Amino acid sequence: MELRCLLLTRDDQIIRVLRRVLEGLDVGLEVCTGADKAAEELERFKYDAVMIDCDDVHNAITVLCSVRLTASNKSSTVFAIVNGITTVSSAMELGANLALEKPITEGKARHAFKAVHGLMLQERRRYYRHAVDLPVTLRFEDKDTGSHREVLATAIDISEGGMAIKVKSTLPSKFRTAQLKFVMPGARDFIELLGAVAWADEQGNAGVRFENVPYTLRERLANFFRDIEKKDKQAPPAKKTIR
């Protein structure tokens, strides 16, 4: 579960510095030299960090303003790289979490990334979805009548915050919460927790958000994804490209 960073710049010195720093932090780097390509990447893919060279790339400010509007990257950590035109305060107002002034040194970049590295990992675990094939039972209860309905589904991916499911029948439209029952990969005992249906379509696909998860279950889910992260670190590093 390698962290990923998108860098928008034409500055070869910044690219060289950040490659060295991010490799040491196990962060993959994708480089775009044009604003249009960077905007396309942000619409298509999730990045844990986005670094934007605001003053030396045409239309870079437009990209900075749009990061928080994308579905996948609205919670990403955003670094603004400024060079005397955009001020630090204005960069923050436009959506940046941190601002770095040129010239960018290895020490400056390493200090900035280490300051937010833990938060980036936490956000990645919350967002990261692991592909699974798990039977899930959803129990919808009508508190007014005391009746209930059970729906059988298959979880196709899971994260610390929820799961995507596939059902053969329709989900009850009247009730949006259900008691979930499933077995985590590699385990034997059932997990039971409350879930809220966040979205559903006519093809039987739905997203369920976990609600009021007890501390012990949160820790169990967190440990599951930490184990995945350790396995991912043993895999070959992602290919790094310049576009």
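Suppose we filter Pro185, Pro172 for residues that are modelled with pLDDT under 90, touching a Phe, Trp or Tyr at 6+ places or on another chain (Cβ under 6 Å) and not assigned by TED's automatic domain parsing to the domain that holds Asp56; which single one remains?
Pro172
Do we find that Gly204 is within 21 Å of Ser169 (Cα to Cα), touching a Phe, Trp or Tyr at 6+ places or on another chain (Cβ under 7 Å) and either modelled with pLDDT under 85 or surrounded by 14 or more Cβ atoms within 10 Å (Cβ to Cβ) (or both) in this structure?
On the way: within 21 Å of Ser169 (Cα to Cα): yes; touching a Phe, Trp or Tyr at 6+ places or on another chain (Cβ under 7 Å): no; either modelled with pLDDT under 85 or surrounded by 14 or more Cβ atoms within 10 Å (Cβ to Cβ) (or both): yes.
It is false that Gly204 is within 21 Å of Ser169 (Cα to Cα), touching a Phe, Trp or Tyr at 6+ places or on another chain (Cβ under 7 Å) and either modelled with pLDDT under 85 or surrounded by 14 or more Cβ atoms within 10 Å (Cβ to Cβ) (or both).
Could you please find all residues in region 179-205 being more than 25 Å from the chain's Cα centre (by Cα) and of a type in the set (Gly, Ala, Ser)?
Scanning region 179-205 gives a single hit, Ala187.
Only residues that are under 22 Å from the mean Cα position of the chain (by Cα), more than 16 Å from Arg209 (Cα to Cα) and assigned to a strand (DSSP E or B): list them for region 98-130, please.
The answer is Leu98, Ala99.
Can you tell me how many residues in region 79-107 are surrounded by fewer than 15 Cβ atoms within 10 Å (Cβ to Cβ) and free of Cβ contacts under 8 Å to residues at least 12 places away in the same chain?
4
Can you confirm whether region 34-49 contains a residue that is touching a strand residue (DSSP E or B) at 6+ places or on another chain (Cβ under 9 Å), within 30 Å of Ala222 (Cα to Cα), part of a strand (DSSP E or B) and not acidic (Asp, Glu)?
yes
What is the number of the single condition among (1) more than 22 Å from the chain's Cα centre (by Cα); (2) in a helix (DSSP H, G or I) that Thr137 does not meet?
Condition (2) is where Thr137 drops out.
Restricting to region 29-62, and then to whatever is closer than 24 Å to Glu2 by Cα and among the β-branched types (Val, Ile, Thr), can you tell me which residue is surrounded by the fewest Cβ atoms within 10 Å (Cβ to Cβ)?
By that ranking, first place goes to Thr33.
The values are calculated or read from the model by the stated rules, or taken from the named source; none is laboratory data. Because the structure is predicted, anything quoted here is derived from the model rather than measured. Positions of Cβ are backbone-derived with ideal geometry, glycine not excepted, and every protein chain shown enters the neighbour counts.
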